[in-house]
Amino acid sequence: MISIRQKLLLGFGGLLLIVAAMGLLTIRQIDSLGGAIDVILRQNYRSVLACQKMSESLDRIDNGVLFTFTGHYEQGMGNIQLHNKEFLHALQVELGNITLPGEHQKAMQIRALFTEYTRVISLITDPKVSLSERQNRYFSDLLPLVHRMKLLSSEVLEMNQSNMQRANNNAWKMAASAHNNVLVAIIASAFIALLFSYQSHRWILMPIKKLIASAEEIRKGNLDLVLDTTSKDEIGQLSGSFNEMAATLRKIRKSDRDALVRTRKATQEVFKVLPSPIAVLDSDGEVEVSTESAEHFFGLKPGVNVRDLGREWLLVLWQKALRQGSLAESEEGNGFIQHFADNQEHFFQPMALPIPAGDESLSFAGTALIFKDVTKEHEQLELKRSVISTVSHQLRTPLTSLRMSIHLLLEERIGQLNEKQADLLLAARDESERLVNIIDDLLDINRIESGMAHLDIKAVSPSHLGIEGVESFLVQATDQGVTIVNAIPEGLPDVMADSDSILYVFANLLSNALRFTSPGGTVTISAVRNQNNIRFSVEDTGEGISPEHMEHLFEQFYRVPGQQQKSGIGLGLSIAKEIVEAHGGKVSAESVYTKGSVFHFTLPFKKEII
């Protein structure tokens, strides 16, 4: 059986042979045509011009002879001499361009006659001879020589013109032959090309179309088809390999199905015993597998679509995860969902994680819904708030009595104090005041976290907040030798804020900045407009904060090691964080150790601008 390679070589080889033969034949005929044209233009045409020049020169010489008869002797002799040279030059050209039989003899006869002609002219133009005798010799000797030379010149001219005509006819015949040869070659090439195209359709295209159709069937999942492999060429070999591939795919599919069934059953069994609510959705939002707790608390049973549950927050969470292509957390209720079941209150932190379809695919095969049970954390938080509130209120009464007693003693209403007693009472008064501030901070945090803090939110200018926030620290900064720079520009959009609470935030950040900035340093407050909010910054040139402490700055009771005892117990920044977050903003910090720190917080725009 002929292979596809041999078939292609056969078809293209035939075309190549025809084109090569046509090219060689055409080149040969073109060379012959060029030779014929060379004869016309180079050889015969030069002889024609020479003959015409000789005839013309003879006429001019004859006119010169006649001028000598009419009294214009000098002019006539000048014409004779000039055209005598032209005749000899034309004769020399002719003698050097002999191309036809008999042409040389005629040219030699012309030269002999011209020699005689020259001799006769010298006698006719001799002024010593009488005019009548010269005239008689002109008619008797000179004119016959002129007629004979012109006749011979005409014969040579006619011989060359005839040869030119023959060469021209031959050139036309060659051109017509080349035209016909090229036409025949084109027709033959077209015929072979059509024949080869038809055979290629049978040899190549039809089998390839069958392979394409088979591949489409396999893409649809039909792995049971078998291709015809009777052909022994490359298509037949490919069909055999295709059948082997389909057989291998059938085995792999069976193995994958078995593994998938085992995995699905194992997953279902594992999911049944998992304590956390977890559900896996397909790309359309339908539940494929879920834990018993997910069914119990949220109705996420296999076969149920998330769109049909009536839980808007869950639908939003699922769509958000698919849209951003990464883990998404619920924004409902600060990220926590309150749920009542079995006469008990539960709290969950819902998350949605998209599942990629493949290693390089940008689409997602499904989504995993995970509900972290944070009920115990909430209960502990509520217990902590309750304890803090109770303890703080219980401490206030004895602390108030203690402060009053210390105050009375310091006023010496009960008796005189010596210097040492006064110092001890002053220290006790300072510590009691510090304890009062700690209790106030604890109560503030408790109120903000529980949502009981009253915030009088109004539209306020960022520049106004900056001016009021800095004003109360100008004297302290001057005493410390520190410069406070207010770089908040005018014209920023109003923010929605409770002025007193935000001034507390400024006070906390500014007091910290002044505390850790050495004399000669600078504290700068600034504000810039972001997409949906205004970002305020408090930057200092102090000693900075080590990287290992940065992530704990806003935690309650956290103090950076090495601070003085009078710097507080670590509640200021956590209170500032709670205040900003209660406004819908965020806090953050940056620091380069030994070079300074900068604290940021954001506040939302006024609603009309959003």
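Just so it is clear, none of the values below were taken in a lab; they were calculated from the coordinates. Just so it is clear, the model here is predicted, and its values are computed rather than measured. Cβ sites come from the backbone with ideal geometry, for glycine too, and all protein chains shown count toward neighbours.
Observations on the structure shown:
- Net charge dipole, segment 87-179: roughly 40 debye, given to the nearest 20, about the Cα centre with Cβ charges of +1 for Lys and Arg and -1 for Asp and Glu.
- Per-residue packing, averaged as other Cβ atoms within 10 Å, sorts the ranges 406-417, 468-479 into the order 468-479, 406-417, beginning with the highest.
- Here the spin labels are modelled as points 7 Å beyond Cα on the Cα-Cβ line, and at Lys606 and Ser154 they lie 12.0 nm apart.
- Amide hydrogen proximity for Ser472: with H placed 1.01 Å from N in the peptide plane, no residue at 5 or more positions away or on another chain lies under 5 Å.
- Sorting the segments 129-141, 79-91 by their residues' average number of neighbouring beta-carbon atoms within 10 angstrom, most packed first, yields 79-91, 129-141.
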